[in-house]
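Structure provided below as structure tokens; questions to follow.
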């Protein structure tokens, strides 16, 4: 039942945002409200605000037995080549793409530059784009926690681009960035 209330609240909130944008577009609202919803960081702020209003279910975890093996993409890649504003990593076998921290998926779709692509805006402000994704495990505007599977890299390559403080990190700094996040 609580899940239904959350979905209803999310649906009403989305309707309010879209309705406000339409009223602004038609000129019935003079103030530029949609400018507050233009970046991924704004979505993270809205997510935190909405989460503070909604009590999360207690005990929603199911305990399972088995080994959990985290895969660091920089520990397993065979080669790394600069590509556009990121890098292309090559792998010998498919692997899951795990969330580097808590955040919000701000894009899933297809781009000319990197095929099937997934972008995550993390709560620390970093924005990471994963390209050439084989399959998505999460939908856009879904919150993620550290370690959540975002998708599967099923091809032999993966595109990565990282933005920090609105600036794209130099591709040569990406191994240090991922080492910093995993420690």
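The values are calculated or read from the model by the stated rules, or taken from the named source; none is laboratory data. Keep in mind that what you see is a predicted model, and the values were worked out from it rather than measured. No Cβ is skipped: glycine too gets one built from the backbone with ideal geometry, and neighbour counts run over all protein chains shown.
I'd like to check something: does segment 157-168 contain any residue that is in contact with a helix residue (DSSP H, G or I) (Cβ under 6 Å, 6 or more places away or on another chain), closer than 30 Å to residue 14 by Cα and outside any strand (DSSP E or B)?
Checked against the condition, which is being in contact with a helix residue (DSSP H, G or I) (Cβ under 6 Å, 6 or more places away or on another chain), closer than 30 Å to residue 14 by Cα and outside any strand (DSSP E or B), segment 157-168 yields no hits at all.
If a residue has to be touching a residue at least 60 places away in the same chain (Cβ under 8 Å) and either closer than 17 Å to residue 77 by Cα or in a strand (DSSP E or B) (or both) to count, how many in segment 123-156 make the cut?
So the count comes out to 6.
Tally up the residues in segment 169-178 that are in a loop (DSSP other than H, G, I, E, B) and either touching a strand residue (DSSP E or B) at 6+ places or on another chain (Cβ under 7 Å) or at positive phi (or both), please.
Applying the first criterion (in a loop (DSSP other than H, G, I, E, B)) to segment 169-178 yields 169-170.
Next cut, either touching a strand residue (DSSP E or B) at 6+ places or on another chain (Cβ under 7 Å) or at positive phi (or both) only: 169.
Qualifying residue count, segment 169-178: 1.
For the list (1) over 21 Å from the mean Cα position of the chain (by Cα); (2) outside any strand (DSSP E or B); (3) loosely packed, with under 12 Cβ neighbours inside 10 Å; (4) at pLDDT 75 or above, I need the number of the one condition that residue 20 fails.
(3)
A further question on this structure: Scan segment 103-122 residue by residue and report those that are surrounded by fewer than 18 Cβ atoms within 10 Å (Cβ to Cβ) and assigned to a loop (DSSP other than H, G, I, E, B).
112, 113
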